[in-house]
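The values are calculated or read from the model by the stated rules, or taken from the named source; none is laboratory data. Being a predicted model, the structure only gives us computed values, none of them experimental. No Cβ is skipped: glycine too gets one built from the backbone with ideal geometry, and neighbour counts run over all protein chains shown. Keep in mind that these areas ignore ligands, DNA and RNA; they rest on the heavy atoms of the full protein, side chains included. Shrake-Rupley method; radii C 1.70, N 1.55, O 1.52, S 1.80 Å.
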Amino acid sequence: MKKKTRPRKRRRKNLGSVPGTMTYTGSKTEQEFYIEVIDFSKEQCSRTVYNDVKDVFRYAEEENTTWINVNGLHNVEAIEALGKYYKWHPLVMEDIVDTFQRPKIDEFEDYLFVVFKMIYYDEERLVTEHLSLLMGQGYVVTFQESKTDVFDDLRKRIEENRGRVRGEKSDYLLFVLLDAVVDHYFLVIENLGDKIEDLEDILFEENDVDISKDILNLKKEILRIKRSVFPAREIINRIEKTDFNLIEEHTRNYYRDLYDHTIQVVEYVEVYREMILSLMEMYMGTISNKMNNVMKVLTVIATIFIPLTFIAGIYGMNFDNMPELHGKYNYFVLMGIMLVIFIAMLLFFKKKKWL
């Protein structure tokens, strides 16, 4: 019977293509494409959704701070048009639609480019989303594959003028966006920790349950989380220490605090990774102990029946000169002897605590 294999996500970028060629490597080609724009100042705020990328060009001329959120990386033509208008580098445009791109940061003369990974649970399923952020004078543009993200609370804060976002510039807007992503890292880590504790309880309370598949799934999840979280630490550190002129000095304190949060997340990931490996070792040890107990019982049974089999073998031989065979009660005597041997060996094994 042919073994069924699970389909795996493969890189679909054409090998040998010219650097800067935009090729969407994700699988969400059926997602709706739209652009959400939140334009705000300390006094006012507007939130508008557009389907045509040309409608957002006018925000580049305004003095307000603008958050442009592009949903749907499969629409390469629209994203390319936006990049040409803002004069972004072709390699930046290539990385925006490349969902396999590792988290990174690139500094240009008049804008900052950051690739991040959003991770969250959707009905017990770990989701990893490719997120690109471009921060320039008076604007931050975010690119994501689908409309599901971790910024709903931030949108409400901006619209309701809670916090200090409306009174700050684009450098602070970039901070709160990254902070929202990192905050969800903590939620994912807490969920992962609960799963590990549940498996530990199952392992020690239920002896006959098979949790190897659950442990393997947790191991895969922690590896996905690690690939997303570890580069984030270096990204935040570079932003905090860079001399980029659009990041004001008082905002660096917030990035410094965010860097501490990423360090904490990394430490949690390492701890839970060790716990998962220990959990697998404990599970394999439990399986080994069960097998040892089974083998011990079988060995004891075999040992008990060795002398009984020996006696039965002797008197099962077809010899004529065996006087014990002709006695009237010899059969019952022999069965009694075998019973005594059986009970004596049971008591001996019990005394040795082998049973």
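Filtering segment 72-84 to residues that are in contact (Cβ under 8 Å) with a residue 24 or more places away in the chain and open to solvent by 30 Å² or more (accessible area, probe 1.4 Å) leaves His74, Asn75, Glu80, Ala81. Summed over segment 85-116, the residues that are open to solvent by 40 Å² or more (accessible area, probe 1.4 Å) and part of a helix (DSSP H, G or I) give a count of 3.
Checked against the criterion of being open to solvent by 50 Å² or more (accessible area, probe 1.4 Å), at pLDDT 90 or above and either part of a helix (DSSP H, G or I) or touching a Cys at 6+ places or on another chain (Cβ under 9 Å) (or both), segment 202-217 contains not a single residue that satisfies it. Among the residues of this structure, Asp39 does not count as one that is under 21 Å from Val127 (Cβ atoms) and modelled with pLDDT of 90 or more. Considering (1) aliphatic (A, V, I, L, M); (2) open to solvent by less than 60 Å² (accessible area, probe 1.4 Å); (3) within 30 Å of Arg102 (Cβ to Cβ), the lone condition that Ile304 does not fulfil carries the number (3). Of the residues contained in segment 313-325, none is found to be at pLDDT 80 or above, surrounded by 13 or more Cβ atoms within 10 Å (Cβ to Cβ) and in contact with a helix residue (DSSP H, G or I) (Cβ under 8 Å, 6 or more places away or on another chain). Checked against the criterion of being open to solvent by 70 Å² or more (accessible area, probe 1.4 Å), in contact with a Gly (Cβ under 9 Å, 6 or more places away or on another chain) and not in a strand (DSSP E or B), the candidates Glu43, Glu32 yield just one match: Glu32. Cβ separations smaller than 7 Å between residues 6+ apart or across chains give the following pairs from segment 297-310 residues that are farther than 20 Å from Leu334 by Cα to residues that are aromatic (Phe, Trp, Tyr): Val300/Phe349; Val300/Trp354.
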